[in-house]
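The next block holds one structure in the form of structure tokens; read it before the comments.
The values are calculated or read from the model by the stated rules, or taken from the named source; none is laboratory data. Fair warning: this is a prediction, and the values are worked out from it, not measured in the lab. Methodologically, a virtual Cβ is constructed for each residue, glycine included, from the backbone with ideal geometry; neighbour enumeration extends over all protein chains shown.
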Amino acid sequence: MSLTHPSLIQSFIDYLTFQKRYSPHTIVSYKNDLCAFFDFIALQFECTKIEEVSASFVRTWLASMKEAGMESKSINRKISSLKSFFKYQLKQGVVLTSPMVTIISPKVKKRLPQFVDEKDIHTLFSYIEFPDNWEGKTHRLLLQLFYNTGMRQAELVNLKEAQVDSGNGNIKVIGKGNKERVLPVSKELMFLVVDYIKGKRIHFEQFDAELLLVNGKGKRLYPKYVYNVVRHYLSSVTTIDKKSPHVLRHSFATHLMNNGADLNAVKELLGHSSLAATQIYTHNTIEKLKDVYKKAHPKA
């Protein structure tokens, strides 16, 4: 870092870590964005003092990334990092004005989330065979947890046995920003979860007793393992481009909306902080209605 006061970045990162309680992944992204920006302006403008940073410096950096082919969504994330950083410096009295005031984020083309059709989900759990071993049992349960609760991959990987409340039929998950939410679980799925917990104690002599899901060696699941499992099984039932854990989360939300669920309820189940993030699923619902209309109405 060529910034005169690199401690300013570290104090901001500490603020995100200990006060805002952002995830490690988010914190790394913020730090990388800030280091890249200050390295760029030091090289291009020989600017090493935070009070000398101007909006034109920021625009030049953004333009360089645009010319390099970076997507608007990624550029917007970097803008967000800088806005948060300078907002914090304003509060701390380090700067008197923020160079981000006149920076406008580029428009991002909205893409509807891909999801698995309900009939394909039915095929997955009713007709696809899972290996008759511990790995197969884990594969089936993690797929059902994704689809039946809409939880994120990180939430599932870190899910602990203590977060399962079989008596009340729910599972508590720790989402983004360490926010807790309680997800209702069907009797059928809860039976499988409880059976899985009991099975661990019979199947393994030693295993990670804290975490709910473990691999064939009784160890924690890692994200790539989970991704590969989901991709493998979804490839058997659907031809959509994306076959990831997040697609099952999209499927959970879309199927709820298609079957008349309240938008605010879906928002709470997904753990969204804003209703705007949940509204993308109404578009899929409208597309389904259009399809029904075209097939059923004599004048369509």
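I'd like to check something: does the range 39-57 contain any residue that is under 18 Å from K176 (Cβ atoms) and of a type in the set (A, V, I, L, M)? Let's see the steps before the verdict.
First, pick out the residues of the range 39-57 that are under 18 Å from K176 (Cβ atoms): none.
No, the range 39-57 contains no residue that is under 18 Å from K176 (Cβ atoms) and of a type in the set (A, V, I, L, M).
Yes/no per residue for (1) among the basic types (K, R); (2) touching a Gly at 6+ places or on another chain (Cβ under 8 Å); (3) more than 23 Å from V182 (Cβ to Cβ):
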{"residue": "A253", "(1), (2), (3)": "no, yes, no"}
{"residue": "N258", "(1), (2), (3)": "no, no, yes"}
{"residue": "A265", "(1), (2), (3)": "no, no, no"}
{"residue": "E268", "(1), (2), (3)": "no, no, no"}
{"residue": "I280", "(1), (2), (3)": "no, no, yes"}
{"residue": "I286", "(1), (2), (3)": "no, no, yes"}
{"residue": "Y293", "(1), (2), (3)": "no, no, yes"}
{"residue": "H297", "(1), (2), (3)": "no, no, yes"}
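Might you check whether a residue that is in contact with a Pro (Cβ under 9 Å, 6 or more places away or on another chain) and either in contact (Cβ under 8 Å) with a residue 12 or more places away in the chain or not basic (K, R) (or both) occurs anywhere in the range 94-101?
Scanning the range 94-101, I find no residue that is in contact with a Pro (Cβ under 9 Å, 6 or more places away or on another chain) and either in contact (Cβ under 8 Å) with a residue 12 or more places away in the chain or not basic (K, R) (or both), so the answer is no.
So which residues in the range 61-116 are in a loop (DSSP other than H, G, I, E, B), under 30 Å from Y147 (Cβ atoms) and not acidic (D, E), if there are any at all? Give the derivation first.
So in the range 61-116, the residues in a loop (DSSP other than H, G, I, E, B) come out as 68-71, 93-116.
Those still in the list that are under 30 Å from Y147 (Cβ atoms) too: 71, 108-116.
Matches in the range 61-116: V108, K109, K110, R111, L112, P113, Q114, F115, V116.
Could you please give the count of residues in the range 217-236 that are of a type in the set (G, A, S) and within 17 Å of N158 (Cα to Cα)? Steps first, answer last, please.
The first filter runs over the range 217-236 and keeps only residues of a type in the set (G, A, S), leaving 218, 235-236.
Then keep just the ones that are within 17 Å of N158 (Cα to Cα); that gives 218.
So the count comes out to 1.
Identify the single condition in (1) free of Cβ contacts under 8 Å to residues at least 40 places away in the same chain; (2) not β-branched (V, I, T); (3) not assigned by TED's automatic domain parsing to the domain that holds I41 that N133 does not satisfy, given that it satisfies every other one.
Just one mismatch for N133, condition (1).
Please give the number of the condition K217 fails out of (1) free of Cβ contacts under 8 Å to residues at least 12 places away in the same chain; (2) within 29 Å of T278 (Cα to Cα).
(2)
Test of understanding: among F85, F18, which residue is among the hydrophobic types (A, V, I, L, M, F, W, C), within 29 Å of R152 (Cα to Cα) and surrounded by fewer than 13 Cβ atoms within 10 Å (Cβ to Cβ)?
Numbers: F85 fails: surrounded by fewer than 13 Cβ atoms within 10 Å (Cβ to Cβ).
Exactly one residue qualifies, and that residue is F18.
Between a residue in the range 256-273 that is closer than 17 Å to N284 by Cα and free of Cβ contacts under 8 Å to residues at least 40 places away in the same chain and any residue that is among the acidic types (D, E) and assigned to a helix (DSSP H, G or I), which pairs come within a Cβ distance under 6 Å, given they are 6 or more apart or on different chains?
none
Can you confirm whether Y30 is at pLDDT 95 or above, in a helix (DSSP H, G or I) and within 30 Å of Q153 (Cα to Cα)? Write out each step before concluding.
Numbers: at pLDDT 95 or above: yes; in a helix (DSSP H, G or I): yes; within 30 Å of Q153 (Cα to Cα): yes.
In short, yes.
Of the residues L234, L142, which single one is over 30 Å from R21 (Cα atoms), among the hydrophobic types (A, V, I, L, M, F, W, C) and in the same structural domain as T123 (by TED's automatic domain parsing)?
Values: L142 fails: over 30 Å from R21 (Cα atoms).
Step by step, each of L234, L142 is checked, and only L234 is over 30 Å from R21 (Cα atoms), among the hydrophobic types (A, V, I, L, M, F, W, C) and in the same structural domain as T123 (by TED's automatic domain parsing).
Name the one entry in S64, S29, S23 that is loosely packed, with under 14 Cβ neighbours inside 10 Å, touching a helix residue (DSSP H, G or I) at 6+ places or on another chain (Cβ under 8 Å) and of a type in the set (S, T, Y). Step through it out loud before you land on a result.
Numbers: S29 fails: loosely packed, with under 14 Cβ neighbours inside 10 Å; S23 fails: loosely packed, with under 14 Cβ neighbours inside 10 Å.
Checking each option against the conditions leaves just S64.
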